[in-house]
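Enquirer: Let me begin by handing over the structure; questions about it come next.
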Amino acid sequence: MAAIANKKFRVLIVDDSTFMRKVLETIFNSDDQLQVIGHAKDGREAVALAESLKPDVITMDINMPHLDGLQATAEIMTSNPRPIVIVSSESREGAASTLKALELGAIEFVAKPSSGIDLDMQSVREDLLRKVRMAAKVRVVRTASRLATAVQNSTGAPKTASLPPIASRPVTGSGLDQRFPVVVLAASTGGPATIMRLAPGFTRNFPAAVILVQHMPASFTTQYAAQLAEFTSIRVKEAEPNESLQPGTLYICPGGHHLRLTPTGRIHLDASSGRINGYLPSIDATMESVAAFAGAMSIGAILTGMGNDGAIGAKAIKAAGGLVLAQDEATCVIFGMPAEAIKTGAVDQVLGIDDIYPAIEKRVVGICRPTPVGAR
């Protein structure tokens, strides 16, 4: 929803604490862009008020009676999508519940201070206001109901149509004569839910290495790798220093590090360089090193996110003869990163999220099963 002059974004607060609802209302109503229009004391009320009040943004606690914040997020994002910011003590230390909320389609999260008193909440005031204002401007994307059910109930990976096995060349090492396709998935805001749509396509015999660079705090990526592994049959792990990149594995860049490939295909993690062009981890840094290592066998997919990280990397992959894909505006939570990559002229295809894995697979199959000489 676009902001216009003198118009305030309408906020629905969901929290089982009367005191906390009052603290949040005071914070939001002190901002000239926000106006609280309703309160809900549990997830059941949240679902009903999201439908009747149609707020521009919802702040959602997680631990609540009757219907918790995860269940409420799942229902809202499948039946009546609204931008949701998780505001919960559960958001500290990479909590699994916060990651599940993001996978269900929540836009952002803010951790309540440990005591939750008014004075402590003021310490997160600016971060909270910034994220709520940002989320209110997002055009949310409906979450697939089967995915929401699977995440909500933690019953394991949602099943996708099985793909025929891909015959791959045996890879015994990462030397210069053992090149194989390398895929970089690049995401920021809205990424966890988007990756949950994309990841189930990858299989354990996928003859390419996959690197996921998701802008995410350092305390979350270990848990993120564990949760993502439940939804795809490809091996999923948090990347480790100096390990050799291998096909059939999805590596998650650890938060707080830049991930680069060495010329021999080993993973180099850098936590000392600080932000690169404002980003940590830097998608550009990963893509540039992948382009140098894999050349024409490199594939980059720029997914939902704010900012321009990945635009420089897309140019590097394109210049190396690789394939560059960008998620389309219709399926992005935020079209910033794909739009900036498209502007460079390096993007080969702009696709909806459900078309990105098939495009990656087609390219990988083409590399691993080269067309015989003389064939058409």
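Enquirer: How big is the dipole moment of the stretch 168-281 about its Cα centre under a simple scheme where the beta carbon of each Lys and Arg is +1, that of each Asp and Glu is -1, and everything else is neutral? Debye, nearest 20, please. List each step's numbers first, then the result.
Expert: On the way: 9 positive and 6 negative charges, 45 e Å.
The calculated dipole for the stretch 168-281 is roughly 220 debye.
Enquirer: How big, on average over all directions, is the shadow cast by the Cα convex hull of the stretch 182-368, in nm²?
Expert: 8.8
Enquirer: Which aspartates and glutamates, on any chain, are close to K343 with Cα under 19 Å apart, when same-chain ones fewer than 8 places away are left out?
Expert: K343 reaches D284, E288, D309, D328, E329.
Enquirer: Within a 10 angstrom radius of the beta carbon, how do S273, S188 rank from fewest other beta carbons to most? Provide the component values of the computation, followed by the final result.
Expert: On the way: S273 11, S188 24.
Listing S273, S188 from fewest to most nearby Cβ atoms yields S273, S188.
Enquirer: Now, a different point. When the distances between all Cα atoms of the stretch 289-359 are binned every 10 Å from zero, what whole-number percent does each bin get?
Expert: Per 10 Å bin, starting at zero, the Cα-Cα P(r) for the stretch 289-359 comes out as 25, 54, 20, 0 percent.
Enquirer: Taking neighbour Cβ counts within 10 Å as the exposure measure, how do Y357, Y279, Y251 sort from fewest upward?
Expert: Values: Y357 22, Y279 19, Y251 25.
With the fewest neighbours first, Y357, Y279, Y251 line up as Y279, Y357, Y251.
Enquirer: Around V236, which amide H atoms from residues at least 5 apart in sequence, or from another chain, sit under 5 Å from its own amide H, with H modelled in the peptide plane?
Expert: Distant-sequence amide H within range of V236: L250.
Enquirer: For a Förster distance of 25 Å, can you work out the FRET efficiency between the beta-carbons of H66 and T26, rounded to the nearest 0.05?
Expert: Rounded to the nearest 0.05, the efficiency is 0.45.
Enquirer: Are there any GluC sites (Glu not before Pro) in the stretch 328-370 that are in a DSSP loop and have at most 11 other Cβ atoms within 10 Å? List them by number.
Expert: Values: sites: E329, E340, E361; in loops: none.
Hits after loop and neighbour filter: nothing returned.
Enquirer: To make sure I understand, if each residue's beta carbon is the centre and we count other beta carbons within 10 Å, what order do R363, R179 fall in, fewest to most?
Expert: Listing R363, R179 from fewest to most nearby Cβ atoms yields R179, R363.
Enquirer: So which of K7/K131; K7/K112; K100/K137; K7/K137; K8/K131 end up more than 20 Å apart by C-alpha? Please report the intermediate quantities before stating the final value.
Expert: Values: K7/K131 18 Å; K7/K112 28 Å; K100/K137 22 Å; K7/K137 12 Å; K8/K131 15 Å.
Beyond 20 Å: K7/K112; K100/K137.
Enquirer: Next up: Given H placed 1.01 Å from N in the peptide plane, which residues other than close sequence neighbours of L212 have an amide H under 5 Å from its amide H?
Expert: L185, Y251, I252, C253
Enquirer: May I pose another question? Once you have the Cα-Cα distance between Q349 and R275, take 0.36 nm times their residue separation minus that, and quote the gain in nm to one decimal.
Expert: Working: separation 74, 0.36 × 74 = 26.64 nm, distance 2.90 nm.
My answer for the length gained is 23.7 nm.
Readers should treat all values here as calculations from the given coordinates under stated rules, not as data from a laboratory. Note that the coordinates shown come from a computational prediction; the quantities given were computed from them, not determined experimentally. All Cβ positions, even for glycine, are placed from backbone atoms using ideal geometry, and neighbour counts span all protein chains on display.
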